[in-house]
Amino acid sequence: MGSLGDRSMHEFEDDSLFTPEAESEKIQRVHGLQNGSVSGDFPSSGNKILQNSVCRSIKTVVFSNKLNLLMPFGPLAIMVHNLTGHKGWVFFLSLLGITPLAERLGYATEQLTFFTGATVGGLLNATFGNATELIISIYALKSGMIRVVQLSLLGSILSNMLLVLGCAFFCGGLICCKKEQVFNKASAVVNSGLLLMAVMGLVFPAVLHYTHTEVHFGKSELALSRFSSCIMLVAYGAYLFFQLRGQTELYVPLSETGNDADHGGNHDDNEAPEISKWESLIWLAIMTAWISILSQYVVDAIEGASASWNIPISFISVILLPIVGNAAEHASAIMFAMKDKLDISLGVAIGSSTQISMFGIPFCVVIGWIMGRPMDLNFQLFETATLFITVIVVAFFLQEGTSNYFKGLMLILCYLIVAASFFVHEDPTPVQTKLLSMTSSFGKFQCSTLLQLTNNPYVTFIYD
């Protein structure tokens, strides 16, 4: 990071993919084309400029990052699927192939934020950063894997709130160790409130299920989930309006409120976009389409990978998938924190968690409703309790409006505890869940006996 800051402006101008002279030349040619005053050699020179622009854009986006060496694993996963059908290898290679795509998705979004404000930039980072999880969830929902959808979305929230935010605080605190980094506390408080509202939406269906107080058994829980999902979508829409068109001063970064001298100055003066706005949009479309293709192979291979590796599906869905899917948020949040732009990092990490909890989960419930899938907000007791505790812990860390590397380290360690918990957690099967519901009044002994019988391969239960 320091070597980039020490380079002269002449070096940046030499390395820039789109210099002001080249941009003005292209603008003049476009105006000439529109006015009809085109010279005879314009087609050849115009094509040459276009080819150079495409080559430079590909060089910048594809060949400028060492992580992109993993991109060939995507086509390799498709080849292995067609030739061998080994689910474990297909899942592993697909994850490796998605990882650089998710990171480049974040890079293209970051370039797009140069043409928008910090608030819109954080929203764009959160939206496209969650594209991988939403695409995987829709494919899983289409395949009837409702539990995978629930766990992957839950894992995305936990990963963003603990791992991504923790790494941003930690790396930013190490780089800016001589001062305490600050962020807009008002924005953090609003996001914390939305996360608590999302937790409330998940808690009530779970409590209704485990207390067996439904008016219509098996139907009230689903109806409540769908109603709550619609309410959460309305609340998120109101939040977007409040953020973008309402009291926008609450979301202005502290570095833009005249405190540049106190907080390290304005770093934007020495930065410029590496690709244009339209190139960013084109690359976003390309990366999203390629992620969609690989996501289908990931979903199809989850169960086979769990059996091959002897790893619980809950651990794969909550830990492995979100880590890959959150590569974009991870890279963006750390990069902005190291540049002392903690408000954008917070908008990426916490904003992404808010978007998944208030939009992603309710959206999947509504999509499942349309598809005829019984997707609900009952994430089971263990998962709901994990989310509730995580939101409370992060809310306490954000209440002061400051960050340092120790807070980041604590969040990372909390994520390791969550990961270990899901590694030893066995998700109950539908048979076990139904038996627990049917025999809750029989006492603990009978319930445990029935659970042991369901794990016995020589005992078969036939239920309606």
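Solvent-accessible area per residue in region 270-329 equals 40 Å², computed with a 1.4 angstrom probe and all protein chains kept. Hey, quick one: spin label on Lys185, modelled 7 Å out along Cα-Cβ, who in region 381-412 has an amide N within reach, i.e. under 13 Å? From region 381-412, the list is 396-403.
For the set Cys230, Cys167, Cys364, the ranking by accessible area, highest first and with no ligand, DNA or RNA atoms included, is Cys230, Cys167, Cys364 under a 1.4 Å probe. Using a 1.4 Å probe over the heavy atoms of the protein chains, calculate the carbon and sulfur portion of the accessible area of region 295-376 as a whole percent. Carbon-and-sulfur percentage of accessible area, whole number: 61. At the residue level, Met287 shows approximately 10 square angstrom of accessible surface with a 1.4 angstrom probe and all protein chains present. For region 137-220, the list of chymotrypsin sites (Phe, Trp or Tyr not before Pro) that fall in a loop by DSSP and count at most 12 other C-beta atoms within 10 angstrom reads Phe217. Of the trypsin sites (Lys or Arg not before Pro) in region 143-225, the ones in a loop by DSSP (not H, G, I, E or B) with at most 14 other beta carbons within 10 Å are Lys178, Lys179, Lys219.
In order along region 156-169, the Karplus-derived 3J(HN,Hα) couplings, from 6.51 cos²θ - 1.76 cosθ + 1.60 at θ = phi - 60°, round to 5, 5, 5, 5, 5, 6, 9, 6, 5, 5, x, 5, 5, 4 Hz, and Gly and Pro are given as x.
Remark: accessible surface ordering of Trp89, Trp283, Trp278 (largest first) is Trp278, Trp89, Trp283, probe radius 1.4 Å.
The values are calculated or read from the model by the stated rules, or taken from the named source; none is laboratory data. Bear in mind that the values here come from a model prediction, so they are computed numbers and not experimental data. Heads up, the Cβs are rebuilt from the backbone with ideal geometry, glycines too, and the neighbour counts pull from every protein chain shown. Surface areas here come from the heavy atoms of the whole protein model, side chains and all, with no ligands, DNA or RNA. Shrake-Rupley method; radii C 1.70, N 1.55, O 1.52, S 1.80 Å.
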